[in-house]
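K.L.:
Below is one structure. I have some questions about it.
The values are calculated or read from the model by the stated rules, or taken from the named source; none is laboratory data. For clarity, every value in this text was computed on a predicted model and none was experimentally measured. Cβ placement follows ideal geometry from the backbone for every residue including glycine, while neighbour counts extend to all protein chains displayed.
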Amino acid sequence: MSTETGAVSGSETSRIHNIGYRSYDGKRLGRSYARRSLYSQSLRGSFGLGRSAKSKVLPMLLFGVMCMVAAIIVAVAIAAPGTTALPIKYTAFAIYLQAVIGLFLAAQAPQSVSRDLRFKSVPLYFSRPIERADYVVAKLAAMASALFILTGAPLVILYVGALLGKFDFAEQTKGFGQGLVSVALLSVLFAGLGLVMAALTPRRGFGVAAVIAVLTISFGAVSTVQAIAWQTGSTGAIEWLGLFSPITLIGGVQTAFLGATSAFPGGEGPGVGAGVVYLIVVLALVAGSYAVLMRRYRRVGL
Amino acid sequence: MRIQPPGLTTGVVCATIFEDVTVIATESLSKRFPRVTALDRLSLDIGPGVTGLVGSNGAGKSTLIKILLGLSPATEGRAAVLGLDVATSGAAIRERVGYMPEHDCLPPDVSATEFVVHMARMSGLPPTAARERTADTLRHVGLYEERYRPIGGYSTGMKQRVKLAQALVHDPQLVLLDEPTNGLDPVGRDEMLGLIRRVHTDFGISVLVTSHLLGELERTCDHVVVIDGGTLLRSSSTSDFTQTTTTLAVEVTDSDTHPDGTDALRQVLTRAGVNLVGHDGLDGQGLPGAGHILLVEATGEETYDIVRDSVAGLGLGLVRMEQRRHHIAEVFRTEEAPRAAAVTQTVSAVVGAVQQKGSGRDEH
Ligand SMILES: Nc1ncnc2c1ncn2[C@@H]1O[C@H](COP(=O)(O)OP(=O)(O)OP(=O)(O)O)[C@@H](O)[C@H]1O
Ligand SMILES: [Mg+2]
């Protein structure tokens with residue numbers, strides 16, 4: 001029969017191949033399992049786990065810096081005689097170390113989404129039971145979790161240190177809790193913004209640059225204009241200006257609701273009223289990021 | 001023709017697939033983009049086995065595959081895969097089907113093993129099963145030690161095998177392979193086609209494979225569907241095709257007695273009653289050596305003998321005599337035909353003629 005000729009060719013290789021094929025009758029765990037697998041793979045990937053040694057260097061280094069700074073703060077607080085509290089608030093830590101967080105996001109967001117886009121692996125996902133929303137949610141959740149680990153771990157170090165130093169338990173626990181809520185919000189917001197920028201710039205290098213630029217330029221611009229407003233005495237504008245950069249948005253929310261000391265010039269952070277606006281803007285940005293990502297992947301499917 | 005039962009290996013008895021089971025069915029399926037109609041009321045009925053989907057660039061092959069995967073809604077008409085409606089059961093279809101895209105889709109910085117394991121998990125296989133199936137599947141497609149190296153360093157042939165492996169790793173009932181021989185050299189093509197054949201015979205998985213080369217699919221497939229401009233040109237079992245499309249490309253040198261050796265041979269062959277195809281038997285494709293290649297319709301061993309004897313009789317040198325793979329356009333399109341409604345007509349006429357010639361010689 002003529003159709004057999006195809007199988008005859010490459011006799012040597014097909015002889016080696018001819019090891020009985022086994023069909024698969026085991027479990028097929030479906031969509032939610034695939035989504036969880038993608039989540040854990042992406043989360044591990046953000047710290048270079050399951051990737052080359054080279055890809056572990058930067059995320060581990062940044063994670064190390066965050067923890068190291070927290071450890072030093074704790075050491076100083078405990079060593080100094082007569083201290084009754086940590087030298088900084090839990091909520092202030094992420095603001096001080098925003099550059100490290102920004103670097104982490106700039107490096108890891110593109111590696112999380114740009115690779116699949118650039119090497120066109122996305123259709124392979126969508127030709128499986130996993131859906132577009134599963135992919136986007138898994139990637140967002142993984143990035144947010146990675147940021148939460150990065151920003152939450154040093155807070156844990158601070159808290160443990162505070163307990164060892166026998167500082168006021170109730171006060172420390174409350175501060176720690178507020179800090180965790182704040183970095184959780186920061187993680188979700190930054191993950192959304194970072195992934196959007198990375199997904200819109202499939203070239204990895206551009207993605208890195210875009211994330212750094214958006215974070216630093218917006219923060220630089222907001223701080224400068226706030227400083228000018230402070231000097232010209234228009235203090236009323238300061239609390240609203242903070243709406244225009246991601247880190248000052250988080251700063252505003254935690255000042256209004258989480259007992260943080262405002263880092264705005266003159267401590268002119270938003271009150272509860274303006275704080276609601278801050279919170280709405282943060283949530284809108286997160287929802288917007290999700291919507292943009294969903295749109296971005298609509299066409300890529302195929 | 002008979003469709004072979006799926007390979008029953010190592011004692012694992014697969015569900016018996018009956019000949020009359022429909023794997024893919026479309027009914028008046030259309031897909032219109034703002035400026036083009038990619039599929040135009042296409043009705044197909046594809047059974048188990050290896051089915052070739054042939055069409056030139058833009059014929060609508062990839063569009064059809066995307067609709068079958070439930071990823072792109074049809075403008076009108078219906079389609080079912082493995083008995084499931086693509087419009088409503090996309091997820092269920094994608095669980096049972098494997099897909100190999102036509103374009104590159106592999107990240108260069110991970111190994112084949114890591115990548116295929118990941119894709120297996122995306123198909124719902126538990127971690128241990130994903131690893132075992134990956135090792136098996138990569139071995140079956142012919143990747144051994146190299147599977148631990150980053151994909152970036154692979155040859156095109158190896159990459160195509162990885163792409164095939166990720167489509168097979170979850171042991172689907174059907175795989176949709178979009179131009180799997182793309183970019184491969186002749187040896188690589190033959191190996192890939194052999195592998196595709198085995199996907200059905202040994203693994204028991206039905207295959208829909210696209211190509212714009214009719215010749216390579218007719219050797220591999222049980223059934224070939226030809227589409228052009230989104231419409232069905234022909235759907236038939238391959239035995240009809242193989243009979244009619246065996247063509248020999250013959251190239252000869254010139255000599256002092258015959259300054260135009262090609263023409264001399266053409267005359268001798270015509271007198272000997274051998275059918276010449278193409279433009280008076282001359283290859284007008286603009287390929288290297290075009291104008292010096294005679295396309296001879298081979299009816300069997302005797303044609304080879306006649307050509308060889310004629311060349312020897314004329315005292316010419318035989319540069320080459322090879323079986324030709326048809327480019328689809330070569331078979332179904334007459335030269336210079338304006339891209340108008342007339343094309344389809346001419347094409348159908350040609351197909352009709354080819355079909356007639358074919359049916360007269362079934363006992364060969
Ligand atoms: N998303 C799209 N938007 C607009 N037009 C499209 C889109 N996808 C495909 N087309 C058009 O539909 C027609 C069929 O395309 P398709 O990709 O299905 O062809 P094909 O047979 O796979 O061709 P090739 O051999 O080049 O892969 C082409 O004219 C193409 O330009
Ligand atoms: Mg195509």
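K.L.:
When you go through B:ASP109, B:ASP104 one by one, which is the residue that is over 27 Å from the mean Cα position of the chain (by Cα), within 10 Å of chain A (Cβ to nearest Cβ) and more than 19 Å from A:TYR135 (Cβ to Cβ)?
P.N.:
Every option except B:ASP109 fails the conditions.
K.L.:
Is there any pair with a first residue in region B:50-69 that is more than 9 Å from chain A (Cβ to nearest Cβ) and a second that is within 9 Å of ligand 2 (Cβ to nearest atom) and part of a strand (DSSP E or B) whose Cβ atoms are under 8 Å apart and which are 6 or more apart or on different chains, and what are they?
P.N.:
These pairs meet every condition: B:GLY52/B:THR210; B:LEU53/B:THR210; B:VAL54/B:THR210; B:GLY55/B:THR210; B:LYS61/B:THR210.
K.L.:
Which members of region A:255-273 meet the condition of being touching a residue at least 24 places away in the same chain (Cβ under 8 Å) and surrounded by fewer than 18 Cβ atoms within 10 Å (Cβ to Cβ)?
P.N.:
Within region A:255-273, A:GLY259, A:THR261, A:PRO265, A:GLY266, A:GLY271 qualify.
K.L.:
Given the conditions (1) more than 9 Å from every other protein chain (Cβ to nearest Cβ); (2) part of a loop (DSSP other than H, G, I, E, B); (3) surrounded by fewer than 18 Cβ atoms within 10 Å (Cβ to Cβ), which single one is not true for B:ARG131?
P.N.:
(2)
K.L.:
Looking at region B:152-182, which of the residues that are within 16 Å of ligand 1 (Cβ to nearest atom) and touching a Gly at 6+ places or on another chain (Cβ under 8 Å) is nearest to the other protein chains (Cβ to nearest Cβ)?
P.N.:
Step by step, filter region B:152-182, then rank; the result is B:LEU176.
K.L.:
Which of the residues that make up region B:31-72 are assigned to a strand (DSSP E or B), within 10 Å of ligand 1 (Cβ to nearest atom) and within 18 Å of B:LEU233 (Cα to Cα)?
P.N.:
Selection gives B:LYS31, B:THR37, B:ALA38, B:LEU39, B:LEU53, B:VAL54.
K.L.:
Still on this model: Any residue at all in region A:116-125 that's among the basic types (Lys, Arg), closer than 28 Å to B:LEU69 by Cα, within 14 Å of another protein chain (Cβ to nearest Cβ) and surrounded by 24 or more Cβ atoms within 10 Å (Cβ to Cβ)?
P.N.:
No, region A:116-125 contains no residue that is among the basic types (Lys, Arg), closer than 28 Å to B:LEU69 by Cα, within 14 Å of another protein chain (Cβ to nearest Cβ) and surrounded by 24 or more Cβ atoms within 10 Å (Cβ to Cβ).
K.L.:
Moving on. Output the residues belonging to region B:173-218 that are at negative phi and among the acidic types (Asp, Glu).
P.N.:
The answer is B:ASP178, B:ASP185, B:ASP190, B:GLU191, B:ASP202, B:GLU216, B:GLU218.
K.L.:
Looking at (1) within 17 Å of the chain's Cα centre (by Cα); (2) surrounded by 14 or more Cβ atoms within 10 Å (Cβ to Cβ), can you tell me which one A:ILE88 breaks?
P.N.:
So the condition that A:ILE88 fails would be (1).
K.L.:
Could you list, in sequence order, the residues of region B:206-241 that are hydrophobic (A, V, I, L, M, F, W, C) and within 16 Å of ligand 1 (Cβ to nearest atom)?
P.N.:
Passing the criteria: B:LEU208, B:VAL209, B:LEU213, B:LEU214, B:LEU217, B:VAL224, B:VAL225, B:VAL226, B:ILE227, B:LEU232, B:LEU233.
K.L.:
Shifting gears a bit: Return only the number of the condition from (1) modelled with pLDDT of 85 or more; (2) farther than 22 Å from B:GLY98 by Cα that B:THR10 does not satisfy.
P.N.:
(1)
K.L.:
If you don't mind, another one. Which count do you get for residues in region B:43-68 that are more than 22 Å from B:ARG197 (Cα to Cα), in contact with a Lys or Arg (Cβ under 9 Å, 6 or more places away or on another chain) and more than 10 Å from ligand 2 (Cβ to nearest atom)?
P.N.:
Pass one, region B:43-68, residues more than 22 Å from B:ARG197 (Cα to Cα): B:43, B:56-60, B:63, B:66-67.
Next, from what is left, pick out any that are in contact with a Lys or Arg (Cβ under 9 Å, 6 or more places away or on another chain): B:56, B:60, B:63, B:66-67.
Next, only the ones that are more than 10 Å from ligand 2 (Cβ to nearest atom) stay: B:56, B:67.
Number satisfying all stated conditions: 2.
K.L.:
Another one. Quick one: B:ASP85 ticks every box in (1) within 11 Å of chain A (Cβ to nearest Cβ); (2) more than 25 Å from the chain's Cα centre (by Cα) bar one, so which box is it?
P.N.:
(1)
K.L.:
Moving to a separate point now. Please go through region B:191-214 and give me each residue that is within 16 Å of ligand 2 (Cβ to nearest atom) and either in contact with an Asp or Glu (Cβ under 7 Å, 6 or more places away or on another chain) or within 7 Å of chain A (Cβ to nearest Cβ) (or both), ordered by number.
P.N.:
B:THR210, B:SER211 - these are the residues of region B:191-214 that are within 16 Å of ligand 2 (Cβ to nearest atom) and either in contact with an Asp or Glu (Cβ under 7 Å, 6 or more places away or on another chain) or within 7 Å of chain A (Cβ to nearest Cβ) (or both).
K.L.:
Take B:ASP45 and tell me if it is over 30 Å from A:GLY45 (Cα atoms) and without any contact (Cβ under 8 Å) to a residue 12 or more places away in the chain.
P.N.:
Against the criterion (over 30 Å from A:GLY45 (Cα atoms) and without any contact (Cβ under 8 Å) to a residue 12 or more places away in the chain), B:ASP45 does not qualify.
K.L.:
OK, next. Looking only at strands (runs of 3 or more DSSP E) that lie completely in region B:175-259, which have at least 3 residues being farther than 27 Å from A:GLY20 by Cβ and touching a residue at least 40 places away in the same chain (Cβ under 8 Å)?
P.N.:
B:223-228, B:231-237, B:247-252
K.L.:
Quick one: in region A:132-160, which of the residues that are surrounded by fewer than 19 Cβ atoms within 10 Å (Cβ to Cβ) and closer than 26 Å to B:LYS66 by Cβ is modelled with the highest pLDDT?
P.N.:
Taking the candidates together, the pick is A:VAL137.
K.L.:
Still on this model: Given the conditions (1) buried (at least 22 other Cβ atoms within 10 Å of the Cβ); (2) more than 22 Å from B:LEU174 (Cα to Cα); (3) not hydrophobic (A, V, I, L, M, F, W, C), which single one is not true for B:ARG121?
P.N.:
Checking B:ARG121 against (1) buried (at least 22 other Cβ atoms within 10 Å of the Cβ); (2) more than 22 Å from B:LEU174 (Cα to Cα); (3) not hydrophobic (A, V, I, L, M, F, W, C), the one that fails is (2).
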